[in-house]
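The values are calculated or read from the model by the stated rules, or taken from the named source; none is laboratory data. Keep in mind that what you see is a predicted model, and the values were worked out from it rather than measured. Note that each Cβ is placed from the backbone with ideal geometry, even for glycine, and that neighbours are counted across all protein chains shown. Ligands, DNA and RNA are excluded from the accessible area calculation, which covers all protein heavy atoms including side chains. Shrake-Rupley method; radii C 1.70, N 1.55, O 1.52, S 1.80 Å.
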Amino acid sequence: MIRIEDYIPIVGQATVEELGLLADRLRGKAIQNINSTAVGGGVAEILSRMIPLLSQLGVSAAWDVIKGDEKFFEVTKKFHNGLHGVPVEIDAGEYAHFLEVNRYNAEQIRFGDVVFVHDPQPIALVEKRGAIGKNWLWRCHIDFSQPDPKIWEFLRQFIPRYDAAVFSAPAFSQKLPIPQVLIAPSIDPLSDKNKELDEATIDAVFARFGIDRSRPVVTQISRFDYLKDPVGVIKAYKLAKERVDMQLVVAGGGATDDPEGPIIMEEVRREAEKDKDIFVLFLPPASDIEINALQRGSTVILQKSLKEGFGLTVSEALWKGKPTIAGAVGGIPLQIAHKYSGILTHSIEGTAQWIKQLISAPEYARKLGINGKEHIRNNFLITRHIKDYLLLFLSLFHEGDVVYL
């Protein structure tokens with residue numbers, strides 16, 4: 001098991017000691033995280049890494065996952081798309097089912113001193129607050145900058161019942177009667193997905209998938225989701241390949257609360273068919289070493305999102321020193337300073353142009369990678385994330401400590 005002391009060579013002794021001092025002030029308080037999936041997606045990944053480290057620091061931290069049926073997750077996927085600005089239709093029966101599932105779960109859960117609810121799926125659990133009290137926080141991981149008005153109006157009835165709302169980027173904040181806190185997500189540099197790998201391991205993964213490391217490789221790794229624009233990635237690749245030799249890897253998996261994944265993956269396969277240099281890979285949840293190797297062995301990394309809450313795959317790629325091209329949306333511009341620590345793009349044509357340039361100018365690409373890694377080290381590692389959360393939890397017991405957006 002990774003120890004909190006193992007981060008000292010990466011972030012320094014003082015940072016780790018500070019976490020211990022903050023954690024000591026939370027002794028005797030139970031912190032409970034609640035979300036909608038234990039597998040797949042950035043929220044589950046962050047919690048799976050953070051809970052053990054909080055426990056090592058002496059914080060009583062737990063994680064519960066709500067239960068829902070297929071209809072519930074179809075509705076919450078509509079919430080997800082609508083909050084990102086995609087037109088959706090949700091009827092009264094679907095809203096009622098959403099509330100029914102939340103109320104069922106509220107009766108099953110034993111709540112801690114701090115109830116930390118993640119994203120819209122379990123947001124209505126806060127109806128239980130009147131009966132049990134406790135301190136409640138709502139954490140929104142998605143792009144909330146242009147939410148569908150009807151969905152927003154529905155969710156807004158619950159948010160004021162929380163003590164504070166936490167967002168990943170300033171652009172996501174809304175007019176709310178409660179404090180709003182800015183806390184960006186993070187990656188764990190010591191996880192299997194991000195730790196150093198030897199060349200033999202990288203070679204073995206590429207060989208297993210039939211990818212030629214002697215030729216340039218452009219890779220996007222993310223869930224198969226319309227908002228990640230995997231079909232747009234293939235179109236950009238086809239434009240770029242008119243000028244430069246390259247292969248494309250479109251790899252990813254799904255999440256248990258996302259029913260659209262298989263449909264989108266099939267569309268990607270159809271777009272890629274008959275091109276032997278396109279590799280569409282489904283990676284199951286236990287594929288962290290494969291993801292790490294694919295990123296480390298690639299020439300250029302893409303994250304051509306159309307909407308994005310934050311985009312941890314960008315942080316992952318930058319941490320590996322890889323030149324990264326990503327959509328200028330959501331929390332991605334927090335991670336990339338254009339032309340310094342990576343490239344921000346707005347279109348298929350622009351993405352294709354930058355792919356060509358980075359493959360053709362390896363020294364410039366290398367400098368982008370160096371700058372990007374240092375930016376992640378300073379801003380988006382899990383130790384900084386834990387510190388932010390500890391300060392947030394402490395603020396609930398020490399009035400006036402909450403940091404407002």
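Per the listing 165, 131, 124, 169, the residue uniquely open to solvent by 40 Å² or more (accessible area, probe 1.4 Å) and hydrophobic (A, V, I, L, M, F, W, C) is 131. Residues that are open to solvent by less than 20 Å² (accessible area, probe 1.4 Å), without any contact (Cβ under 8 Å) to a residue 40 or more places away in the chain and farther than 24 Å from residue 119 by Cα within the range 255-279 comprise 272, 277, listed in sequence order.
To keep it simple, each residue is scored yes or no on (1) in contact (Cβ under 8 Å) with a residue 60 or more places away in the chain; (2) in a loop (DSSP other than H, G, I, E, B).
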| site | (1), (2) |
| --- | --- |
| 291 | yes, no |
| 301 | yes, no |
| 305 | yes, yes |
| 321 | no, yes |
| 330 | yes, yes |
| 340 | no, yes |
| 344 | no, no |
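Condition check ((1) crowded, with 19+ Cβ neighbours inside 10 Å; (2) modelled with pLDDT under 95) across all residues:
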| position | (1), (2) |
| --- | --- |
| 339 | no, no |
| 355 | yes, no |
| 370 | no, no |
| 381 | yes, no |
| 388 | no, no |
| 400 | no, yes |
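Here the condition is being more than 13 Å from residue 309 (Cβ to Cβ) and not hydrophobic (A, V, I, L, M, F, W, C); of 163, 143, it holds for 163 alone. The conditions of being part of a loop (DSSP other than H, G, I, E, B) and of a type in the set (S, T, N, Q) are not met by residue 315. Looking at residue 376 and the list (1) of a type in the set (Val, Ile, Thr); (2) modelled with pLDDT of 95 or more; (3) open to solvent by 80 Å² or more (accessible area, probe 1.4 Å), which single condition is not satisfied? Answer for residue 376: the failing condition is (3).
Counting only residues that are open to solvent by 10 Å² or more (accessible area, probe 1.4 Å) and in contact with a Phe, Trp or Tyr (Cβ under 7 Å, 6 or more places away or on another chain), the range 93-117 holds 3 of them.
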